[in-house]
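A short worksheet on the structure shown next.
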Amino acid sequence: AQKITQTQPGMFVQEKEAVTLDCTYDTSDPSYGLFWYKQPSSGEMIFLIYQGSYDQQNATEGRYSLNFQKARKSANLVISASQLGDSAMYFCAMTPGGGADGLTFGKGTHLIIQP
Amino acid sequence: SQTIHQWPATLVQPVGSPLSLECTVEGTSNPNLYWYRQAAGRGLQLLFYSVGIGQISSEVPQNLSASRPQDRQFILSSKKLLLSDSGFYLCAWNPTSGLAKNIQYFGAGTRLSVL
């Protein structure tokens, strides 16, 4: 079984600062994928970034980067130069690699960017 | 480009009434399809997934069922709704080939209130 742990229920960050959202995972699968999604108040889940367990480099997508530390089983999301529009719920998720299995989600972090 | 449509956006139903939520994907073929439910303030829980027409896998035994009558259509149903069926239901898809084959993309969701 897979498990995702997000230990920060809520965070307040000043606009333009960088923010790190924590995520640790547990799995016995040798191959897996790690994801971050953003959920604004509208409810839609927006894909942000993906990291495969065998990827050598940390994933980056614009202002988002994933700090992947395999030995520590962590996959923290880093948002550089935060903006007011970044205020939302953020979910870390994972899935076994190579199949059609669904995602296992953490409980999320509510990020609020303050002006 | 690929798009996912989910309707209705909001639904209020009495206890004991039937349910039918529909999800369709455009611009792709043979996608994997998923139904998730999100309780208030929680992460998403996988309900069903499908790798092809008529192929449904259930993750959580409950008062719901799913069907895939066409390649890009996924339906979530119930014969008699319970109060505990209230929640936010999200449909998702992922391609089965290409660079993005591991990434699930979500619809806008349906907010279901059972009264």
Would you calculate the separation in nanometres between label points at A:E17 and A:R63, each defined as 7 Å from the Cα along the Cα-to-beta-carbon direction? 1.5
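Just to verify a number: FRET efficiency for A:Q56 and B:Q55, C-beta to C-beta distance, R0 = 41 Å, to 0.05?
Numbers: r = 35 Å, r/R0 = 0.85.
Calculated value: 0.75.
Count charges around A:F35 for me, please; just the other residues with Cβ under 14 Å from its Cβ, Lys/Arg as +1, Asp/Glu as -1. Kindly include the intermediate steps, with their values, before the conclusion.
Values: positive: A:K38, B:K101; negative: A:D55, A:E61, A:D101.
It works out to a net charge of -1.
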Could you tell me the center-to-center distance, by alpha carbons, between region B:50-115 and region A:71-92 in angstrom? 27
Using Cα positions and a limit of under 17 Å, work out the aspartates and glutamates in reach of A:K38, with same-chain residues fewer than 8 apart set aside. A:D22, A:E61, A:D86
Taking every residue of B:94-107, the Cβ atoms of other protein chains inside 10 Å of its Cβ average out to 3
Calculate log10 I(q)/I(0) of region A:1-80 for q = 0.10, 0.20, 0.21 Å⁻¹, where I(q) comes from the Debye formula with a single equal point scatterer on each Cα and nothing for solvent. -0.25, -0.98, -1.07
In debye to the nearest 20, how big a dipole does chain B give about its Cα centre with +1 on each Lys and Arg Cβ and -1 on each Asp and Glu Cβ? 160
What is the sum of charges, Lys and Arg at +1 and Asp and Glu at -1, for the other residues whose Cβ falls under 10 Å from the Cβ of B:V15? 0
Loop chymotrypsin sites (Phe, Trp or Tyr not before Pro), region A:13-64 (other Cβ atoms within 10 Å of the site Cβ: 12 or fewer; DSSP): A:Y54
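Counting only C-alpha contacts under 8 Å and six or more residues apart, can you give the relative contact order of chain A as a whole percent? Kindly include the intermediate steps, with their values, before the conclusion.
Working: 288 pairs, mean separation 43.1, N = 115.
Rounded, it is 37 percent for chain A.
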Dipole of chain A, Cα-centred, from +1 at each Lys and Arg C-beta and -1 at each Asp and Glu C-beta, to the nearest 20 debye? 180
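Rule-based calculations on the coordinates, nothing more; no lab input. Given the structure is predicted, the values throughout are model-derived calculations rather than measurements. Reconstructed Cβ throughout: ideal geometry from the backbone, glycine too, with neighbour counts over all protein chains shown.
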